[in-house]
Amino acid sequence: MTNQDTQLLKVQNLQIEGLSEDRWKPIVKGVDLTLAKGEVLGLIGESGAGKSTIGLGAMGYVRDGCRFSGGSVEFDGVDLTKADRETRRNLRSTRIAYVAQSAAASFNPAFKLINQHTEFAVRRGVMSRDEAQRDAIDLYRQLQLPNPDEIGFRYPHQVSGGQLQRAMTAMAMACRPDLIIFDEPTTALDVTTQIEVLSAIREIVEEFGTSAIYITHDLAVVAQMADRIMVLRHGNEVESADTETMLNAPQEDYTKSLWAVRSFTAEEKPEVSEDAVPVVSLKNVTAQYPSMAQPVLNDISMSFYPGRTVAVVGESGSGKSTTARSLMGLLPPISGDILLNGEPLAPQFRKRSKAELKSVQMIYQMADTALNPKQRIRDIIGRPMTYYRGLKGKALTEETRALLADIELEPDQYMNRLPSELSGGQKQRIGIARALAAAPQLVICDEVTSALDQLVAEGILRLLDKLQKEHNLAYMFITHDISTVRAIADEVVVMQHGKIVEQGPKNAIFSPPHALYTDLLLSSVPEMDPTWLDRVLADRVSEAARAYLVE
Amino acid sequence: MNGFLHELRKAPLTAQFGCVVVLLYIFVAIFAPMLAPFGESEVVGYEYEPWSAVNWLGTDSLGRDMATRMIYGARNTIGIALLTTVIAFVVGTTAGFFAAVLQGWVDQLLSRAVDVVISIPTLIFALLLLTIFGASVTSLIGVIALIYATFVYRIARAVAMGIVVMDYVEAAQVRGEGLWWIMRKEILPNAAPPLVAEFGLRFCFVFLTISGLSFLGLGIQPPAADWGSMVRENASLITFGDLTPLIPAAAIGLLTVAVNFIVDWMLHKASGLKTRGK
Amino acid sequence: MHYLIKLFIQRLALGLLTLFVVSLVIFLSIELLPGDVAQQVLGQSATPENLAAFRRELGLDQPAHSRYLEWLGGFLQGDLGNSLISGIPIWDLISERLYNTFFLAGFAALISVPLAVLLGVVAALYRDTLLDKSINVATLTAISVPEFFVGYILVWLFAVELGLFPSIANLSDDASLSDRLYRTFLPALTLTLIVTAHMMRMTRASLINLLALPYIEMARLKGASQRRLIVIHALPNAIAPIVTVIAINLAYLIVGVVIVEVVFVYPGMGQLLVDSVAKRDFTVVQTSCLLFSATYILFNLASDLISIASNPRLLHRK
């Protein structure tokens, strides 16, 4: 398939090193890849796999503190690792372009979008300024940006994230390059926005026959975008094949384990009995930041029962984390009640008693910022035990050890470590342990798995499930990820714009009919099936058509 | 300590140079009476005697031994600057941490007061206060410490603000921990590295300001030996082509350069750590 | 745009308020004196009658707030009061000197600001090269030595050894501009060296901070050359930090001027201030402090306004 005539990019034995602690350490350890004209290659792997470094390396670029240490990157016959600066510069924009993860940070705040778009088309003499501007507007239209004639004349901060991401794709297309590197272009977006950006990118790449390297950690996304997939791990290639084969018949164990990740589902629990008292319940809670005109939470009611998990799901800005903050007493409600075991709880956490504070504990999304980097594990876990339960000396040590064993970390090995000496998943386990150390009734899990790689996240979910059974805990599980909800929830609360859209038992929420927004949310979650994007788009078009006909 | 020596061996030449210089100054300051050939304000000869085997650097405008006064000057000048900086840091960081943790009106009150003090040029404000309290070592230390505490406050507050937004501080607050515990256990350990570097920089500024005031005759008062005043007392020699009066000034500069080199290295290491974390 | 004008007026009002509070602090700090001004000036041996008479003369029998209003009111009308020691109207004492000081500071600023910004950009452009490293060591040394050291070294080199410039910058009232420039050259050079070093380092640092941002990497990946990267992509975003740096250093100039004036026996405000502090001439010190502070606050206000005007987020609202 990749004979000499159609081959655009040929990377051989690429090695890149990074400077760390005054020593050069390998990041990419000899990767080969080829890309034919018009082909889209998906690079997939967990964090630290070196996928971004390879993507940038394919442009002949390494970040500060990194260097090429071997191999070659041949683009259309020119080895970019050895070419002089001038040659590499002249290839960029005109023949190779880049789309970054964070469009908001990657557009220069001082210039209008369209001027950034046309900058190199004009400078490299591809077209005149007028032509380039007209072309930009055409591209904006093609990428389905609202007000294509006008949007380019705005500054980056005046345009939303999803629109900026499309504008950046348009900018990459400005000189009709042969190759575009997409570096996690939809990772920072909500699912309902992601689907629009994905379809826009795919359409335009097909239209111009552009070759692309599509970097992501999300299997379902790459299945929609790529002709061929390469799996990376620790800077090495694990395997590569065309998308169909890769999804259905992966060869390597590591790939299979990646594919199998979403298999975990907590077992169903019996219904809550009629007379059960919830551990915590919110009754018509409305909350507002003092500086804002509109309430951030509007009439929120939900209840948490021992041994059961309520998943609160929604996109960014839906108010799901704010609900947790209100419950914790960090953002006191302006109306409504919070009850603990049927008794009203002070709105302000400062006014709550020690016993009340002890009953509700929180696990944070970013374990990195949730653990004090200067405290040892024994102190991080030990403090709540001392503070709430008065444990000291030998009893404290024993309890700490038992708890570490409970979260599946070897006590002798981990007691005296600092958080920086742990992996991401281990840190999150310590976060869980700190919450459990208080012996709480309700644990709030705020996006606890979303910063983690899939395999690690799976382990955390299993652990949470085990601990729930052992300690009969109630969980409030906040997440934006539908597959996590499917795995762990008993009840589901769907939120949007600070309101509850729909709530009820998991099975009821996930089977039609849905509220309109729930439907949009559910249908926007990418699936592994490579035809998923086509199907969803087709469905939406026909629905729109039907709606139009009904009118 | 061993770890530090190990780090130092890998440090750039400038930082090693800085450490050697600082240690040398500390040594001289501590052992001044043993090292100096004469008494601090002992008159040993005629005015402005040239360099000789007895008076290594000659004598000053009153016939006191220059070398002796240089050695005692290390003790006085560095000692006072160091004490002033320590006071400024204790006051400034405590207030800064308070403002960051409590926020609200405490923060507003402290920050606005500091804004006012900072909007008066340092040296000018120092001159005003010294007019009022008179030029003595106590008022000098108090006045300069007060002024520099405002700068330290701003930095300490900013550093602490960056830490207060961390989830682990929120976790401690929601757990019910008291103010003192949060400042001591959650904030201080994490704020220490940037504040140590800042201490070096602020010491330099304090040192230069005090030397400047002494040079103007408004700082450390005679007969105490002090590098700033020594320059002023003997400056007329320069117009005769003799650079001896500039030796104390050079000594001031050398120490400041040395401290700056060390701070540079520390900051560089700190930023290196940050990029490694990513 | 309407929003911007509102923001401007807000800042202006804030600047005025600061100035007002500063004047209050300066006035009230004198009240901290043990005893009072009359006691301080006349000393322990003064008779009660003498003290009372002197207090009446100074208006000290009036309550503090009415004295403050009188002082501030006089200030606004150009009446700065009289020297406590010599009784000469303060305006006569300082008018000439004020001009001299601003002349010297302006001279130094005119050379140092463009030079420092240019050098800062060059150092950022050639980051981590030998040129950059030597500039770093040179400027670090320049900011580390006391101002008077730089001043005396220049005196020794240019006045004593080379005999090119006078070592004492005395001015006659009717000096021509060229004579003035000639005589103020060494003090101006001293100030320039110190301030340029400060300003250049800060300019370089703020540019290099910007260079680590994703949109600069993006520009690089679009094929921008190093020069284009800094001049076109980074510099427009560096206006606010650079203007702040300039304001800080202009303010620093005022402070540095005090010491440099003493070194060169230059007839400016700094010299007067130092003499007045030594003589404990409270009224002159108060007035000089207020003038210096007002200039300082003005610089900061100007830099604040320019920073606002250069921020696209404030300039082009959503």
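Just a few scattered comments:
- Amide proton proximity set for A:F477, modelled H, under 5 Å, gap of 5+: A:V310, A:A311, A:V312, A:C445
- Residues C:I259, B:I118, B:I220 arranged by fewest to most Cβ contacts within 10 Å: B:I118, B:I220, C:I259
- Per-residue average of Cβ from other chains inside 10 Å of C:209-221: 6
- Where only DSSP H runs of four or more residues are counted, chain A gives -11500 deg cm²/dmol as its mean residue ellipticity at 222 nm, each run worth -39500 (n - 2.57).
- Ascending count of other beta-carbon atoms within 10 Å, so fewest first, for A:S523, C:S288, A:S450: A:S450, A:S523, C:S288
- Relative contact order %, chain A, counting alpha carbon pairs below 8 Å whose residues are six or more apart: 14
- Global geometry of segment B:1-121, whether rounded, prolate or oblate, following the gyration tensor of its Cα atoms and the 1.5 cut on a/c: oblate
- Gained length - C:A64 relative to C:L164, 0.36 nm times residue gap less alpha-carbon distance: 30.7 nm
- In plain terms, if you count all Cα to Cα distances in segment B:179-278 and split them into 10 Å steps from zero, the share in each step is 14, 30, 24, 17, 11, 4, 0 percent.
- Span from the segment A:284-324 Cα centroid across to the segment A:478-551 one, whole angstrom: 20
- Kirkwood hydrodynamic radius of segment A:280-511, from the reciprocal of the average inverse Cα-Cα distance over all distinct pairs: 18.1 Å.
- Along its three principal directions, the equivalent ellipsoid of segment C:99-268 from the Cα gyration tensor extends over semi-axes of 36, 16, 12 Å, largest first.
- Rounded to the nearest angstrom and listed largest first, the equivalent-ellipsoid semi-axes of segment A:7-259 from its Cα gyration tensor are 29, 22, 17.
- Sorting A:L520, B:L127, A:L396 by the number of Cβ atoms found within 10 Å of their own Cβ, with the fewest placed first, yields A:L520, A:L396, B:L127.
- In plain terms, chain B is cut at each of the chymotrypsin sites (Phe, Trp or Tyr not before Pro) found in a DSSP loop with at most 14 other Cβ atoms within 10 Å, and the longest leftover piece is B:57-278.
- Peptides ranked, highest mean first, by Cβ atoms within 10 Å: ranges C:78-87, C:115-124: C:115-124, C:78-87
- The tail of the calculated P(r) for segment A:22-164 beyond 28 Å holds 32 percent of all Cα-Cα pairs.
- Amide H contacts under 5 Å for A:V501, placed H, 5+ residues apart: A:V494, A:M495, A:Q496
- The value of relative contact order for segment C:99-268, using C-alpha pairs under 8 Å at least six residues apart, is 38 percent.
- Neighbouring partner chain Cβ atoms per residue of B:168-181, average, 10 Å criterion: 6
- Nearest-0.05 FRET efficiency for B:W56 and B:S139, computed from C-beta distance (R0 51 Å): 0.90
- Between A:E527 and C:T129, the modelled labels are 5.9 nm apart [label points 7 Å from Cα along Cα→Cβ].
- From the C-alpha gyration tensor of chain A, square roots of 5λ in Å: 45, 30, 22
- Where N is the number of residues in chain B, Cα Rg divided by 2.2 N^0.38 Å: 1.17
- Cα convex hull of segment C:150-220 - mean projected area over all directions, nm²: 7.5
- Here the protein assembly as shown is described by how far its Cα atoms reach on the three principal axes: 100, 74, 64 Å, from widest to narrowest.
- Inter-probe distance in nm under a simple model that places probes 7 Å from Cα toward Cβ, at B:L23 and A:F510: 6.7
- Cα→Cβ-extended label distance, 7 Å offset, between A:A544 and A:L455, nm: 4.1
- At most 14 other Cβ within 10 Å, DSSP loop - GluC sites (Glu not before Pro), segment A:371-457: A:E408
- Isotropically averaged projected area of chain C, using the convex hull of Cα atoms (one quarter of hull area), nm²: 22.0
- In sequence order, segment B:119-130 has phi-based couplings of 7, 10, x, 3, 5, 5, 5, 4, 4, 4, 5, 5 Hz under the Karplus curve 6.51 cos²θ - 1.76 cosθ + 1.60, θ = phi - 60°, and Gly or Pro positions carry x.
- Around the amide H of A:I180, modelled in the peptide plane, lie the amide H atoms of A:A97, A:S211, A:A212, A:I213, all under 5 Å away and 5 or more residues distant in sequence or on another chain.
- Cα-derived Rg over Rh, computed across segment A:410-551 with Rh taken as Kirkwood radius: 1.08
- Karplus-derived 3J(HN,Hα), 6.51/-1.76/1.60, for each residue of segment A:182-188, Hz, glycine and proline x: 9, 9, 6, x, 10, 4, 8
- Per-residue HN-Hα couplings for segment C:282-292 [Karplus 6.51, -1.76, 1.60; θ = phi - 60°; Hz; x = Gly/Pro]: 4, 5, 5, 4, 4, 4, 4, 4, 5, 5, 4
Computed from the coordinates by the stated procedures, all read-outs in this text should not be read as laboratory data. The structure displayed is predicted, hence computed values, not measured ones. FYI the Cβ positions are ideal-geometry reconstructions off the backbone, even for glycines, and counts take in every protein chain you see.
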